[in-house]
Amino acid sequence: MNGPPPGPYRDQVPTPWGAGIPVVALVAVLTAVGVYAFGAALAQVHPLLAVTVNVVAVAGVAPTAWRWRNTPVTRWVLAGGAAGILSGWAALVLGFVGVVAGWLMALLIYVLALRR
C-alpha cells in the first residue's frame, strides 16, 4: 500500500514502532496461550469440535479486524492477535502431532513385545 491509508487516519505522525512492538508481543503471547488452552480443552472433547470452533471464531472476527487494520492503536493489537492465533494453532498442531507420535511409539513397542 503506497501513501497514507484512506479514511479519517490519513494525517498522522510517523508510526510509533517503539510503543507498538511491545503491544504486539504482549497481545500475541496472551492470545496464543488462550487459543492453545481453549483448543486443547475442546480437543479433549472431540478434535473436530476444536477445529470448528476455532475456524468459526476467526471467521467471525476477521471482517471487523479487517476494517480496523488502519486505526492507529488498534492495528498493533490486531497484529498481535493475528500472530497469537497463528502461534496457538501451530502449538495445537505440533502438540497433536506429538501425541500421535507417542501413540505410534507405544503401539510399535507393544507390537515388538508381542513378537517375542
For this session: Scan the stretch 30-64 for residues that are under 16 Å from residue 77 (Cβ atoms) and small (Gly, Ala, Ser) and jot them down.
Result: 32, 34, 62
Exercise. Of 23, 55, 97, which residue is surrounded by 14 or more Cβ atoms within 10 Å (Cβ to Cβ), hydrophobic (A, V, I, L, M, F, W, C) and assigned to a helix (DSSP H, G or I)?
Worked result: 23
For this session: Looking only at the stretch 3-15, decide whether some residue is touching a Lys or Arg at 6+ places or on another chain (Cβ under 8 Å), exposed (fewer than 15 other Cβ atoms within 10 Å of the Cβ) and modelled with pLDDT under 90.
Result: yes
Exercise. Out of 76, 89, 103, which single residue is in contact with a helix residue (DSSP H, G or I) (Cβ under 9 Å, 6 or more places away or on another chain), in a helix (DSSP H, G or I) and farther than 30 Å from residue 13 by Cβ?
Worked result: 89
Problem set entry | Check on residue 60, in a helix (DSSP H, G or I) and closer than 16 Å to residue 31 by Cβ | yes
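The values are calculated or read from the model by the stated rules, or taken from the named source; none is laboratory data. Keep in mind the model is a prediction, meaning the values are calculated, not measured. A quick note on method: Cβ atoms are made from the backbone with ideal geometry, for glycine too, and the neighbour counts reach across all protein chains shown.
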